[in-house]
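> Got a structure for you, written out below as structure tokens; questions coming shortly.
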Amino acid sequence: LPAQILWVNIIVDGLPAIALAWEKEEGDVMLRKPSRRGSVFGREVKLLVTFFTVITDAALFILFYYLLNRTGDVQYARTMTFAGLGLTSLFYIFSVKSLQKPVWRINPFSNKFLNLGVVLGLILYYLAIYVPGLNDLLATVPLKGQDWTVLILLGLFNIAVIEVCKAIFLREKLTNASRSV
């Protein structure tokens, strides 16, 4: 629903995304050659965003379709999709802190603004789903514990997708670097 999309994009994702501005730069970022076409995003970032978006959207569509067919409850299926969309972005933001290192080699506490943004995002999701009035406005229904387990697994799946893509790009860069030597 439009209100849910706005909630995800502006309210929940906005704070963590802005907090990435306080992320420390990666090593030689200023020494790298800019793209010849002047693009801010290199080939790897474009491919990562495209691949990740397709995989995430497909997973959310499958989740929605499965839940709607299993329960017949469109509001429940929408709430799960709404929560899945937001949680995946709150999870994967730690993976995209660095495109040069895997998530397990990144200090998750190095950016206090990012951590605060993620915590606030989680609180805002809780409010959107469980607080009467707000959940009426956003057309959400309360979720059960097992629902959150599914959503957390979806978030971890998305982190795995990003990490696989990063590993492929890093391996490709190392292969190309060794060929040029």
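> Running Debye on the chain with equal point scatterers at the Cα sites and no solvent, what base-10 log of I(q)/I(0) appears at q = 0.14 Å⁻¹?
Reported log10 I(q)/I(0), two decimals: -0.84.
> As a test of reading the structure, rank Leu127, Leu153, Leu63 by solvent-accessible area (1.4 Å probe, protein chains only), most first. Please report the intermediate quantities before stating the final value.
Numbers: Leu127 60, Leu153 105, Leu63 25 Å².
Ranking Leu127, Leu153, Leu63 by accessible area, largest first, yields Leu153, Leu127, Leu63.
> Ignoring any ligand, DNA or RNA, what whole percent of the accessible area of the chain comes from carbon and sulfur when the probe is 1.4 angstrom?
Values: 7800 of 11420 Å².
C and S atoms contribute 68 percent here.
> Beyond 14 Å, what share of the Cα-Cα pairs of the stretch 120-164 remains, rounded to the nearest whole percent? Before the final figure, lay out each step's value.
Details: 597 of 990 pairs.
When every Cα pair of the stretch 120-164 is considered, 60 percent fall beyond 14 Å.
> Same structure again: Using the crude model of +1 on Lys and Arg Cβ and -1 on Asp and Glu Cβ, and no other charge, please compute the dipole size for the stretch 39-171 relative to its Cα centre, in debye to 20. Before the final figure, lay out the partial values.
Working: 11 positive and 6 negative charges, 114 e Å.
My answer is approximately 540 debye.
> If you average over every viewing direction, what projected area does the convex hull of the Cα atoms of the stretch 77-181 give, in nm²?
Details: hull surface 32.3 nm².
Answer in nm², one decimal: 8.1.
> Estimate the FRET efficiency between Ile18 and Tyr130 by the formula 1/(1 + (r/R0)^6), using the beta-carbon distance for r and 25 Å for R0, to the nearest 0.05. It would help to have the intermediate numbers written out before the result.
Values: r = 25 Å, r/R0 = 1.02.
The value I calculate is 0.45.
> Now for a different question. Under 13 Å from the 7 Å Cα→Cβ point of Asp73, by amide nitrogen: which residues of the stretch 136-177?
Counting only backbone N, you get 140-148.
> With every protein chain present, what is the per residue accessible area of the stretch 60-142 (1.4 Å probe, Å²)?
Values: 4400 Å² over 83 residues.
Result: 53 Å² per residue.
The values are calculated or read from the model by the stated rules, or taken from the named source; none is laboratory data. Just so it is clear, the model here is predicted, and its values are computed rather than measured. Every residue, glycine among them, receives a Cβ derived from its backbone with ideal geometry; neighbour counts consider all protein chains shown. Quick note on the areas: whole protein, heavy atoms, side chains included, nothing else; ligands and nucleic acids left out. Shrake-Rupley method; radii C 1.70, N 1.55, O 1.52, S 1.80 Å.
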